Structures are given as C-alpha cells and as structure tokens.
Amino acid sequence: MTDRLLQPLVDRIVDLAAQLRATPRTEWGVVAEVDPLRVRLDGDLDPLAGTPASVLREHAVGDRVLCLIQSRRVTIVGRGSGPRRSGTIVVPTGALTQAGTSQIWATTLDVAVPAVAPPGTMIRMTALAIGTGYGHFSQVNQTPGLSTTNVRVRFTQVASSTQQNLLLLWEIVPTT
C-alpha cells in the first residue's frame, strides 16, 4: 500500500530529472585538441569524451569557448576573450558601377565570415579602413548558413571606380 502512495511522487521525481537533463545550459571551456576537436570544461581535469559540434569554423588549442550542453550533447557556440577578427576585402576595378547619372560608384558584396551567429546574437561588420578614395561602407543583411555566414555589404565611393581595399572588422554581438 505504501508503494502505491509513493508512486506518484517517484514518477514526478523521474520526470523532473528528465527535464533537468534536457534543459540546455552553458559552460565555459578550453579547446584541448583540434583534430579531433576536444574541449575541456572549466573545473574538469580531462577533455569531454566525443567530438562537440561547433558553429565556429576555426579552432586553436587554448581557445576559450562557450559551450551549450543539452541532453549530453555539446555545441561550441562562441569564442571567449581574444582578438576580434578582421580581414581585407578587395573591391576590384570594374566591380563598381555608376549609380545613376552622378559621379557615385557602388557595388554590393557578399563577405564570408568564419562563424555563424548563435541565437540572440548577430554579426556586426565595421570598416577599419576604406581604400584611398572617399568611400562609404554599410552592412545590408546577413544570411546564416550551417558552417559559414555571408554578410552582404554595400560600398560606395565618389568620382572613382578603381580598385579599393577595405579592411573590415567583424564581431558577434548580442541583438538586445
């Protein structure tokens, strides 16, 4: 009779334990190996068994990473402190077309960055240097992919359609 009375309580405890295991949580870790990818969570002595999934394309041993853990599956969703990423984009001669009848030249470019922004974040691009002319850079939109993100940018400049080098900085930032 006691077993019948306690069974609903035991069932509830089992349900709560299953919900707790299925609830996603984040933990910081460090990349311990690159090939195969292995992560050691803070406080652990050894790397996790198995290869985690990752929204980042590149990893280096020692990278500080944010891991999302759900149902015993680990996904690297971001990189911790370290350098922000930048790169030079070349706008070749002939890529710029005249905008209307004015002396404004423009083009739209798809720039691939080596990470996908996790939920609640976005990729923000900023121009660190814009060629040799009077140019303007703006971010138009982004289309997420599985292992890369293409960010569409618009470049305009006055009175010249010659090749320009743009030094762009990209970073993952919160949307709120």
Quiz item: What are the residues in region 68-86 that are assigned to a loop (DSSP other than H, G, I, E, B), modelled with pLDDT of 80 or more and open to solvent by 80 Å² or more (accessible area, probe 1.4 Å), if any?
Solution: Arg72
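Residues checked against (1) part of a loop (DSSP other than H, G, I, E, B); (2) open to solvent by 50 Å² or more (accessible area, probe 1.4 Å):
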residue	(1), (2)
Val14	no, yes
Gln19	no, yes
Gly29	no, no
Asp35	yes, yes
Thr51	yes, yes
Val61	yes, yes
Thr88	no, yes
Thr107	no, no
Quiz item: What is the residue count in region 5-43 for residues that are over 11 Å from Cys67 (Cβ atoms) and either of a type outside the set (Lys, Arg) or touching an Asp or Glu at 6+ places or on another chain (Cβ under 7 Å) (or both)?
Solution: 24
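Residue-by-condition table, conditions (1) under 18 Å from the mean Cα position of the chain (by Cα); (2) more than 15 Å from Val77 (Cβ to Cβ):
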position: Val14; (1), (2): no, yes
position: Thr26; (1), (2): yes, no
position: Val31; (1), (2): yes, no
position: Leu41; (1), (2): no, no
position: Thr51; (1), (2): no, yes
position: Val61; (1), (2): no, yes
Quiz item: Quick check, is Pro47 touching a strand residue (DSSP E or B) at 6+ places or on another chain (Cβ under 8 Å) and in a loop (DSSP other than H, G, I, E, B)?
Solution: yes
Quiz item: When the residues of region 130-143 are filtered to those that are surrounded by fewer than 14 Cβ atoms within 10 Å (Cβ to Cβ) and under 30 Å from Gly80 (Cα atoms), which remaining residue is modelled with the highest pLDDT?
Solution: Ser138
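The values are calculated or read from the model by the stated rules, or taken from the named source; none is laboratory data. Keep in mind it's a predicted model, so treat the numbers as computed, not measured. Because the Cβ atoms are built from the backbone with ideal geometry, glycine has one as well, and the counts that use them run over all protein chains shown. With ligands, DNA and RNA removed, areas are computed over all heavy atoms of the protein, side chains included. Shrake-Rupley method; radii C 1.70, N 1.55, O 1.52, S 1.80 Å.
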